[in-house]
């Protein structure tokens with residue numbers, strides 16, 4: 001799958017999940033639906049157990065699902081949010097809008113996952129509602 005080039009202000013929204021997580025399985029279609037509504041945002045579905053080698057030790061600290069990581073910028077992405085969210089379309093939609101408008105500054109978010117998730121996001125991009133569940 002080819003991934004279109006990104007503008008320097010690109011936004012990545014990664015759902016960090018686990019294949020066994022029932023809440024994540026239920027959230028997959030909602031996540032894909034919101035992704036389809038925002039073609040200018042890179043949405044990625046990443047199973048932290050399948051990619052534990054790439055994500056490193058910080059991924060092991062994720063205990064609740066779904067966990068979202070919101071990053072801004074294609075070169076040296078800056079984390080804006082890392083945390084567990086309610087698996088609702090409205091919650092995700094508000095997060096995307098806040099990140100796009102600049103009202104989500106991420107001043108307190110520090111994570112080593114930014115680089116590895118950005119790399120994985122290119123290969124695990126959610127294209128839209130017709131994307132099969134992970």
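The values are calculated or read from the model by the stated rules, or taken from the named source; none is laboratory data. Since the model is a prediction, treat every value here as computed from it, not as a measurement. Reconstructed Cβ throughout: ideal geometry from the backbone, glycine too, with neighbour counts over all protein chains shown.
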Subset of the range 34-54 [in contact (Cβ under 8 Å) with a residue 40 or more places away in the chain and more than 18 Å from residue 99 (Cα to Cα)]: 45, 46, 47, 51, 54
Give just the number: which of (1) modelled with pLDDT of 90 or more; (2) surrounded by fewer than 22 Cβ atoms within 10 Å (Cβ to Cβ); (3) under 18 Å from residue 121 (Cα atoms); (4) in contact with a helix residue (DSSP H, G or I) (Cβ under 8 Å, 6 or more places away or on another chain) does residue 78 not satisfy? (1)
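Table: residues versus (1) modelled with pLDDT of 80 or more; (2) in contact with a helix residue (DSSP H, G or I) (Cβ under 7 Å, 6 or more places away or on another chain); (3) more than 23 Å from residue 10 (Cβ to Cβ).
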site: 20; (1), (2), (3): yes, no, yes
site: 34; (1), (2), (3): yes, yes, no
site: 51; (1), (2), (3): yes, yes, no
site: 57; (1), (2), (3): no, no, yes
site: 69; (1), (2), (3): yes, yes, no
site: 74; (1), (2), (3): no, no, no
site: 87; (1), (2), (3): yes, yes, yes
site: 112; (1), (2), (3): no, yes, no
